[in-house]
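Remarks on the structure that follows.
The values are calculated or read from the model by the stated rules, or taken from the named source; none is laboratory data. Bear in mind that the values here come from a model prediction, so they are computed numbers and not experimental data. Cβ placement follows ideal geometry from the backbone for every residue including glycine, while neighbour counts extend to all protein chains displayed.
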Amino acid sequence: MVKRLSRGLDRDPIIPLPFGPTAASVVIATGDYLVVGYSVKETTGVAAASFSLFDGIDATGTRISPVTLSAGQSREDVLPTPGIDAFIGVFLRIDSGTVEGTLYLRDV
């Protein structure tokens, strides 16, 4: 279910939340947000990395997006408008490697 934003999709500010570099899973945000995109990179330059974003405070929530990066790769993705609703929060589960980046959210 998508919630109505206070000022409209084109006016609500995007909140950048940087993370990492990390090889450990971490809670990025708690609360109700729309995930609108991310920018990430594999930081070691020598090994691939794989991670998933989840709605929640751990990996038992709904998976928002799985991502795989080759060694040294960076990637930016914009998720479908108006974004993916993370009702509880956003959890980053690292499956392999080390990543850093920024998650782009809208408060709902």
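Residue 63 meets all of the listed conditions (1) in contact with a Phe, Trp or Tyr (Cβ under 6 Å, 6 or more places away or on another chain); (2) at pLDDT below 95; (3) of a type in the set (D, E, K, R) but one, namely (2). You will find that of 96, 74, 25, the residue that is surrounded by 15 or more Cβ atoms within 10 Å (Cβ to Cβ), modelled with pLDDT of 95 or more and polar (S, T, N, Q) is 25 and no other. Pairs are defined by a Cβ separation below 7 Å, a sequence spacing of at least 6 or placement on different chains, a first member in the stretch 25-36 that is in contact (Cβ under 8 Å) with a residue 60 or more places away in the chain and under 16 Å from residue 13 (Cα atoms), and a second member that is outside any strand (DSSP E or B) and of a type in the set (Val, Ile, Thr); the pairs so defined are 32/108; 33/108; 34/108; 36/14.
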